[in-house]
1. Take the residues in segment 1-57 that are within 25 Å of E68 (Cα to Cα) and among the acidic types (D, E); name whichever of them is modelled with the lowest pLDDT.
2. Search segment 41-69 for residues that are over 25 Å from K3 (Cβ atoms) and pair each with any residue that is assigned to a helix (DSSP H, G or I) and among the charged types (D, E, K, R) when their beta-carbon atoms are under 6 Å apart and the residues are at least 6 apart or on different chains.
3. So which pairs qualify, if the first residue must be in segment 5-24 and on the phi > 0 side of the Ramachandran plot, the second must be surrounded by 10 or more Cβ atoms within 10 Å (Cβ to Cβ) and at pLDDT below 60, the Cβ gap must be under 9 Å, and the two must be at least 6 apart or on different chains?
Amino acid sequence: MTKTIEQLWNGNLEPIAHSRVNNPEIKHLTKLIQRNHENLKENLNEKLGEMLENYSECKNEYLALTNEQAFCNGFCLGMRIAAEALIGAEEIT
């Protein structure tokens, strides 16, 4: 993975920072997830609460890794399309 893609993914180049802020559906779902997680946590005994936290941490790590990979795959696919377009343009001219 290139450094530019890593910086883009980590939000150092901005696009990722705006994806969650400007999407009302994501904002709404994030609030629902947080509220439901808190409700569950409050109503579970200590052992089940700990299990919920372990599950949540594992799920969040999994989502971060799969989202990063999907982002990188999509970026590489876009670059392949752009490269093919450039090669095709050279053949036309």
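1. E14
2. G49/K41
3. So the pair list comes out as G11/A17.
Residues are listed down the side, and each one gets a yes or a no for (1) among the basic types (K, R); (2) out of contact with any Gly (no Cβ under 9 Å at 6 or more places or on another chain):
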| site | (1), (2) |
| --- | --- |
| Q34 | no, yes |
| E38 | no, yes |
| K41 | yes, no |
| E46 | no, yes |
| G49 | no, yes |
| K59 | yes, yes |
| F71 | no, yes |
| A83 | no, yes |
| E91 | no, yes |
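To keep it simple, each residue is scored yes or no on (1) out of contact with any helix residue (DSSP H, G or I) (no Cβ under 9 Å at 6 or more places or on another chain); (2) surrounded by fewer than 10 Cβ atoms within 10 Å (Cβ to Cβ); (3) closer than 30 Å to L13 by Cβ.
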residue	(1), (2), (3)
P24	yes, yes, yes
T30	no, no, yes
E42	no, yes, no
N45	yes, yes, no
L52	no, no, no
L63	yes, no, yes
A70	yes, no, yes
C76	no, no, yes
A83	yes, no, yes
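The values are calculated or read from the model by the stated rules, or taken from the named source; none is laboratory data. On a predicted model such as this, the values are computed, not experimentally measured, just so you know. Don't worry about glycine lacking a Cβ; one is built from the backbone with ideal geometry, like all the others, and counts go over all protein chains shown.
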